[in-house]
Amino acid sequence: MLFKQQALLRQKLFVLGSLAIGSLLYLVARVGSLDRLQPICPIESRLGPLHLPEQIPLRTLQYKRGLLHELRKGNATKEQIRLHNLVQQLPRAIIIGVRKGGTRALLEMLNLHPAVVKASQEIHFFDNDQNYARGIDWYREKMPFSFPHQITIEKSPAYFITEEVPERIFKMNSSIKLLIIVREPTTRAVSDYTQVLEGKERKNKTYHKFEKLAIDGNTCEVNTKYKAVRTSIYTKHLERWLKYFPVEQFHIVDGDRLITDPLPELQLVERFLNLPSRISHYNLYFNATRGFYCLRFNIVFNKCLAGSKGRIHPEVDPSVVAKLRKFFHPFNQKFYQITGRTFNWP
């Protein structure tokens, strides 16, 4: 009898112990879950009032990637769009340039932020007369679906150098935020040439050497009619934009630093856009095979930029490089003065 009572007592103690351990594990998991689901701060923006919920759960923002991916593939239903309150919003920020400065890399990296949604393709609305004539509703329909509290960003680097664009963007939104990513001007010009050269070679077409295009054969001076050179005179284009927008609405991104050490540049952009800091070292990892940083959205989804990024530049006559750098120098100094950002350009 005593043996049975002892066995029954041990059985009860085992059940109680299991319940206690189970409860403890539940509490630990619950606390961890609550910690992971801490809401982010409401997004504040100088672009005008954003009608945000008081709290935006981070889980919701992270979940949006899968849902919005389905929308881009055309798999989402109207009921899903209505249920999740999805909208197509005009951009609150635009990467306006510059060509071969790193606009695609910047856009993809900003898309790591859960409060940012990117337009996948260059829309060319403001620099293309035919597209612009289609109207603002056409432009809006080219934007991705997003949650109301997210910021849509598009990039079209031709905007920076096209004369009509500043006024057109101003008419759409006079308080929009404008991102310009720049590289050392001579390096950018050579990169511009390299992309065009590759396109010619794919079509089995011949193309002049960079030196012949960049230097006027008659005067032996820098050829300012060559588009790759003109684009690198950043201050000339920026002055046209400043007729419509105050300098505070521009943020200059260091494209050279974005290649070698991207996180500090992205954190500066987060602050400029009044976004809570979310992009971290976890989201960026150096791919030794590719030679540049790739993106980590989560433990499952990673992404590297297209193989066309990081092309090898042709060798350029050092005397031509020196002549170009001397030519760009006074324009660079004025660019530093206007923007308040100095670069270590020669």
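Brief remarks on what is shown
- When peptides 292-300, 91-99 are sorted by average Cβ neighbour count within 10 Å, with the highest value leading, the order is 91-99, 292-300.
- Once backbone amide H atoms are built at 1.01 Å from N, VAL116 has ILE151 as its partners under 5 Å, excluding neighbours fewer than 5 places away on the same chain.
- Working note: Karplus 6.51/-1.76/1.60 with θ = phi - 60° gives the range 233-240 the couplings 8, 4, 5, 4, 6, 4, 4, 5 Hz, where Gly and Pro are set to x.
- Sorting the segments 248-258, 317-327, 264-274 by their residues' average number of neighbouring beta-carbon atoms within 10 angstrom, most packed first, yields 248-258, 264-274, 317-327.
- Proximity of backbone amide H atoms, modeled 1.01 Å from N, is registered between LYS209 and no other residue at under 5 Å, excluding neighbours fewer than 5 places apart on the same chain.
- Using the empirical formula 2.2 N^0.38 Å as the baseline, the Cα radius of gyration of the range 107-160 reaches a ratio of 1.18.
- Three-way shape label, the range 126-184, alpha-carbon gyration tensor, a/c 1.5: oblate
- For TRP241, net neighbour charge (Lys/Arg +1, Asp/Glu -1) across residues whose Cβ lies under 11 Å away: 0
- When each of LYS200/LYS323; LYS100/LYS209; LYS155/LYS177; LYS203/LYS323; LYS118/LYS177 is checked by Cα-Cα distance, pairs over 21 Å: LYS200/LYS323; LYS203/LYS323
- Database remark: amide H of PHE292 closer than 5 angstrom to the amide H of ASN287 (H placed geometrically; neighbours at sequence offset of 5 or more, or on other chains; Pro and chain starts carry no H).
- Residue order for ILE153, ILE161, ILE312 - accessible surface, 1.4 angstrom probe, largest first: ILE312, ILE161, ILE153
- Whole-Å distance, taken between Cα centres, linking the range 144-167 and the range 281-346: 22
- Prolate/oblate/rounded call for the range 189-284, Cα gyration tensor, a/c under 1.5 rounded: oblate
- The aspartates and glutamates within cross-link reach of LYS243, meaning a Cα-to-Cα straight distance under 17 Å and a gap of 8 or more places when in the same chain, are GLU163, GLU164, GLU167.
- Debye, to nearest 20: dipole size of the range 103-164, +1 on Lys, Arg Cβ, -1 on Asp, Glu Cβ: 300
- For the range 121-130, the Karplus equation 6.51 cos²θ - 1.76 cosθ + 1.60, evaluated at θ = phi - 60°, returns couplings of 10, 6, 7, 6, 7, 7, 9, 10, 4, 5 Hz by residue, with Gly and Pro reported as x.
The values are calculated or read from the model by the stated rules, or taken from the named source; none is laboratory data. This is a predicted model, so every value here is computed, not measured. Neighbour counts are summed over all protein chains in view; Cβ atoms, including those assigned to glycine, are modelled from backbone coordinates with ideal geometry. Note: areas computed on protein heavy atoms with side chains; ligands, DNA, RNA excluded. Shrake-Rupley method; radii C 1.70, N 1.55, O 1.52, S 1.80 Å.
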